[in-house]
Every structure is written in structure tokens, then in C-alpha cells.
Amino acid sequence: MPHLSTRVLQGLLTLLLTLFGLLLVTFALSAFSPVDRVLQIVGDHASQSTYDQVRHQLGLDRPLPVQFWHYLQNLAHGDLGTASATGQPVLQDLLHAFPATLELATLALIIGTILGVIAGVLCARYAGSPVDLAIRTLTLLGNSVPIF
């Protein structure tokens with residue numbers, strides 16, 4: 001049986017590799033997106049010099065490994081970039097939406113807990129009956145629906 005320190009180190013290494021892989025996939029999805037980020041910012045009628053200037057400001061004229069390194073550095077400093085939809089920092093947009101998200105998640109947790117306890121009590125009380133079968137079927141269907 002491995003020592004606790006070995007297991008903790010393995011867990012940390014797995015965490016770091018998973019996080020790195022997630023960041024790499026996120027960066028790749030953004031970098032290889034068919035949407036031209038510069039064109040989104042400058043518009044269709046911008047001159048080539050304006051286009052090139054914005055491309056340079058965003059660092060998109062650099063090689064991908066350099067862009068990825070800057071992406072990691074910015075994340076380490078808490079800079080999530082600028083949202084193309086609003087033109088504001090992404091962190092500011094996230095903080096603006098966080099209270100409503102927290103409210104919805106809390107309400108869903110409360111309702112889900114209450115309904116789950118009621119369903120569990122009914123299933124235990126009427127074990128093996130059609131009521132039990134119906135509740136278990138409905139909860140299975142409810143858990144199978146994708147969360148959107």
C-alpha cells in the first residue's frame with residue numbers, strides 16, 4: 001500500500017495534468033475557431049492597416065506556442081481577456097452574472113432536495129408497489145435528461 005504522501009503527490013500530478021489539458025483544449029478551440037476575432041472587432045469595412053494593428057495588439061501574429069504561453073500567463077494573473085460580445089473584461093461579465101446564477105443554483109438545489117426526500121420516503125413506504133415503480137421510473141427519466 002503506497003504511503004499517503006505518494007498518493008497525494010499522484011493526485012496533485014493528475015490534477016495539474018488535467019488542468020493543463022483543459023487549458024490546452026480551451027485555447028485550441030479558440031485559436032482554431034472559424035470565427036475571425038479581429039474581423040469581429042474591426043468590422044467588415046476596416047482598412048488592412050487597422051486589421052493588422054488590432055491583430056498585433058491581440059498577439060494573433062505570434063506563433064501558437066507563444067500565444068498559449070501568454071494565455072497561461074494572463075490566466076495566472078487573473079486576466080481572462082475581453083469578451084467579444086460586450087467589449088468588457090470577461091471577469092467583469094462573469095461577476096455581473098454570478099448573483100443570478102447563484103440564486104438559480106440555490107433554488108434548484110433546495111427544490112431538488114425537497115423533491116428527492118419526498119420521492120425517497122414514498123419509495124420506501126410503498127416498496128415494490130406501482131407507486132414505487134412510477135417514482136423510480138420518473139426519477140430515472142429525470143436524471144437522463146441533459147442539463148441545459
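Applying the condition of being surrounded by 13 or more Cβ atoms within 10 Å (Cβ to Cβ) and among the hydroxyl-bearing types (Ser, Thr, Tyr) to region 1-57 and asking which residue is nearest to the chain's Cα centre (by Cα) yields SER30. Just one of (1) in contact with a helix residue (DSSP H, G or I) (Cβ under 7 Å, 6 or more places away or on another chain); (2) in a helix (DSSP H, G or I); (3) not aliphatic (A, V, I, L, M) fails for ASP61. It is (2). Among the residues of region 108-124, none qualifies, meaning not one is at pLDDT 95 or above and either touching a Phe, Trp or Tyr at 6+ places or on another chain (Cβ under 9 Å) or of a type in the set (Phe, Trp, Tyr) (or both).
For LEU17, the test of being modelled with pLDDT of 90 or more, more than 22 Å from THR82 (Cβ to Cβ) and among the hydrophobic types (A, V, I, L, M, F, W, C) is passed.
Take the conditions (1) β-branched (Val, Ile, Thr); (2) over 24 Å from LEU16 (Cα atoms); (3) more than 17 Å from the chain's Cα centre (by Cα); VAL66 misses just one of them, which is (2). When GLN92, GLN53 are checked against the criterion of being modelled with pLDDT of 90 or more and either assigned to a strand (DSSP E or B) or closer than 28 Å to PHE20 by Cβ (or both), a single residue qualifies: GLN92.
Comparison of LEU64, LEU9, LEU15, LEU22 shows that the only residue that is closer than 23 Å to LEU91 by Cα and hydrophobic (A, V, I, L, M, F, W, C) is LEU22. Please determine whether any residue of region 75-85 is among the hydrophobic types (A, V, I, L, M, F, W, C), in contact with an Asp or Glu (Cβ under 7 Å, 6 or more places away or on another chain) and closer than 22 Å to SER33 by Cβ. Checked against the condition, which is being among the hydrophobic types (A, V, I, L, M, F, W, C), in contact with an Asp or Glu (Cβ under 7 Å, 6 or more places away or on another chain) and closer than 22 Å to SER33 by Cβ, region 75-85 yields at least one hit. You will find that of TYR126, TYR71, the residue that is surrounded by 11 or more Cβ atoms within 10 Å (Cβ to Cβ) and either under 21 Å from GLN40 (Cα atoms) or in contact (Cβ under 8 Å) with a residue 12 or more places away in the chain (or both) is TYR71 and no other. Within region 53-72, the presence of at least one residue that is closer than 30 Å to ILE147 by Cβ and of a type in the set (A, V, I, L, M, F, W, C) is confirmed.
The values are calculated or read from the model by the stated rules, or taken from the named source; none is laboratory data. Since this is a predicted model, take the numbers as computed values, not measurements. Positions of Cβ are backbone-derived with ideal geometry, glycine not excepted, and every protein chain shown enters the neighbour counts.
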